[in-house]
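Below: the structure, in structure tokens.
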Amino acid sequence: MNLGGDIVALGGKSESEGWRIGVKNPDRPHNIIEVLTLRNQAVATSGTYEQYFLSNGHVYHHLIDPKLAMPGKSTFESLTVIGNNCRDADALATGLFFVSDAEKRQILEDHTEGFEFMRFGA
């Protein structure tokens, strides 16, 4: 089931094979940057590369850095979170976008079981 950037893989393609899910390349959104094989898992991606506009040479996107209360700057363009449910994966993909990788790992370790993240782009 695809929920617009959030996907739940129920069961698998067969008894021994999971569902193959492509993650968009934020630098080339018509291409796949990573293929995940999921079985009874969820994946959600948040990114700065689809919903944005340019004004005076600055990119304004829909992801708000809570420390700035405005679109934040990041060293990457998309964050994908894999876990056991789509609700949490989606919230984490957005909520963890502007924290360091070390903070991401610590939050996932402290508050979730079996969740992981990947980041892509510039």
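On the basis of being within 26 Å of ALA122 (Cβ to Cβ), touching a strand residue (DSSP E or B) at 6+ places or on another chain (Cβ under 6 Å) and among the charged types (D, E, K, R), does ASP27 make the cut? Explain how you work it out, then say what you get.
On the way: within 26 Å of ALA122 (Cβ to Cβ): yes; touching a strand residue (DSSP E or B) at 6+ places or on another chain (Cβ under 6 Å): no; among the charged types (D, E, K, R): yes.
No.
Here are the criteria: (1) without any contact (Cβ under 8 Å) to a residue 12 or more places away in the chain; (2) not in a loop (DSSP other than H, G, I, E, B). Tell me which single one ALA42 does not satisfy.
The single condition ALA42 does not satisfy is (1).
When the residues of the range 53-72 are filtered to those that are in contact (Cβ under 8 Å) with a residue 12 or more places away in the chain and either in a strand (DSSP E or B) or under 13 Å from the mean Cα position of the chain (by Cα) (or both), which remaining residue is farthest from GLY11 (Cα to Cα)?
Only one residue fits best here, namely VAL59.
Output the number of residues of the range 34-50 satisfying the condition of being farther than 14 Å from VAL81 by Cα and loosely packed, with under 11 Cβ neighbours inside 10 Å.
Count: 0.
Which residues, taken from the range 60-97, are surrounded by 13 or more Cβ atoms within 10 Å (Cβ to Cβ) and aliphatic (A, V, I, L, M)?
Hits for the range 60-97 are LEU63, ILE64, LEU79, VAL81, ILE82, ALA89, ALA91, LEU92, ALA93, LEU96.
Restricted to the range 76-112, and to residues that are among the hydroxyl-bearing types (Ser, Thr, Tyr) and assigned to a loop (DSSP other than H, G, I, E, B), which residue is farthest from ILE21 (Cα to Cα)?
SER100
How many residues does the range 6-33 contain that are without any contact (Cβ under 8 Å) to a residue 60 or more places away in the chain and either among the polar types (S, T, N, Q) or surrounded by 17 or more Cβ atoms within 10 Å (Cβ to Cβ) (or both)?
Within the range 6-33, the subset without any contact (Cβ under 8 Å) to a residue 60 or more places away in the chain is 9-22, 24, 28-32.
Still in the list and also either among the polar types (S, T, N, Q) or surrounded by 17 or more Cβ atoms within 10 Å (Cβ to Cβ) (or both): 9, 14, 16, 19, 21, 24, 31.
Here the count works out to 7.
Is there any pair linking a residue in the range 100-112 that is modelled with pLDDT under 95 to one that is among the aromatic types (Phe, Trp, Tyr) and not in a helix (DSSP H, G or I), with Cβ under 6 Å and at least six apart or on different chains, and which?
Pairs that qualify, where the first residue is modelled with pLDDT under 95 and the partner is among the aromatic types (Phe, Trp, Tyr) and not in a helix (DSSP H, G or I): there are none.
Of the residues THR48, THR75, which single one is in contact (Cβ under 8 Å) with a residue 12 or more places away in the chain and in contact with an Asp or Glu (Cβ under 7 Å, 6 or more places away or on another chain)?
After ruling out the rest, the residue left standing is THR48.
The values are calculated or read from the model by the stated rules, or taken from the named source; none is laboratory data. These numbers were taken from a predicted model, which means no experiment stands behind them. Neighbour counts are summed over all protein chains in view; Cβ atoms, including those assigned to glycine, are modelled from backbone coordinates with ideal geometry.
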